[in-house]
1. For residue 79, are the conditions met, namely being in contact with a helix residue (DSSP H, G or I) (Cβ under 9 Å, 6 or more places away or on another chain) and of a type in the set (D, E, K, R)?
2. Given (1) under 19 Å from the mean Cα position of the chain (by Cα); (2) free of Cβ contacts under 8 Å to residues at least 12 places away in the same chain; (3) within 25 Å of residue 154 (Cβ to Cβ), identify the lone condition not met by residue 51.
3. Within the range 100-124, can you find the residues that are of a type in the set (S, T, N, Q), assigned to a loop (DSSP other than H, G, I, E, B) and surrounded by 11 or more Cβ atoms within 10 Å (Cβ to Cβ)?
4. Which of the numbered conditions does residue 78 fail, given that it passes all the others? Conditions: (1) in contact with a Phe, Trp or Tyr (Cβ under 7 Å, 6 or more places away or on another chain); (2) surrounded by fewer than 18 Cβ atoms within 10 Å (Cβ to Cβ).
5. Could you list, in sequence order, the residues of the range 69-88 that are of a type in the set (Val, Ile, Thr) and within 25 Å of residue 167 (Cβ to Cβ)?
6. List, please: which pairs have Cβ atoms under 6 Å, are six or more places apart or on different chains, and start with a residue in the range 147-160 that is of a type in the set (Ser, Thr, Tyr) and assigned to a strand (DSSP E or B) and end with one that is at pLDDT 95 or above and open to solvent by 60 Å² or more (accessible area, probe 1.4 Å)?
7. On the given criteria, is residue 155 crowded, with 16+ Cβ neighbours inside 10 Å and under 17 Å from residue 35 (Cβ atoms)?
Amino acid sequence: MNSTPAAAAVATARGIQGAGPEAGRRALRRFASGITVLTVNHDGVRHGTTVSAVVAISREPLLLGACLRSSSAFTALAREAGVFSVNVLSSEQASLARQFAVPGRHRGDAQFADVKWTTDNMTGAPLIDGCLAHMACALTGDQEIGDHHLLTAEVLAGDAGQGAPLLAFAGQLWHEGLSALDTRTPEDKE
């Protein structure tokens, strides 16, 4: 029998009402996150997928992580290409978030038929016009964790624009109407 503190916590949680995977899923849906479309070009096959689980991992070196479902076609293409691009969606791009999230959507260039984009000079992947930011990334790791793959990548280059973010929160997309809080200290304001 495993007697680690983590094992004891899991055993205790299983006996508490409101604990368990479903309660955990409801709680995780209260975590707001930015919406991105990851894009890749491998041997002329362009592909994009909507991802809300992208996180900065390290500042030195500059690394990010992205979690994708194990069934995602993007993971295999990114693994083969070794590079991909991140498109951080603005509040005006909810339709793109939905378009690149639809299971069974068109593959290849057909995904980008009605999307304005240019080619990332570093990755060859599509850079979607109107995004808040773009990042060119080199894949550094791919680990299967549960029912997802965690891709880690070094950010090679990027650009940032202006605007409001598109966010995922409680199973919905959110835009506009967000107010920035001034968290600067009095010394920072001087």
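1. no
2. Tallying (1) under 19 Å from the mean Cα position of the chain (by Cα); (2) free of Cβ contacts under 8 Å to residues at least 12 places away in the same chain; (3) within 25 Å of residue 154 (Cβ to Cβ), residue 51 fails exactly one: (2).
3. Matches in the range 100-124: 123 only.
4. Unmet condition: (2).
5. Selection gives 75, 86, 88.
6. What qualifies is 152/140.
7. no
Here is a yes/no grid of residues against (1) under 13 Å from residue 40 (Cα atoms); (2) in contact with a strand residue (DSSP E or B) (Cβ under 6 Å, 6 or more places away or on another chain):
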residue	(1), (2)
53	no, yes
63	no, yes
78	yes, yes
81	yes, yes
102	no, no
120	yes, yes
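The values are calculated or read from the model by the stated rules, or taken from the named source; none is laboratory data. As the structure is a prediction and not an experimental result, all values here were calculated from the model. We place every Cβ from the backbone using ideal geometry, glycine too, and count neighbours over all the protein chains shown. Accessible surface is based on the protein model in full, side chains and every heavy atom, while ligands, DNA and RNA are left aside. Shrake-Rupley method; radii C 1.70, N 1.55, O 1.52, S 1.80 Å.
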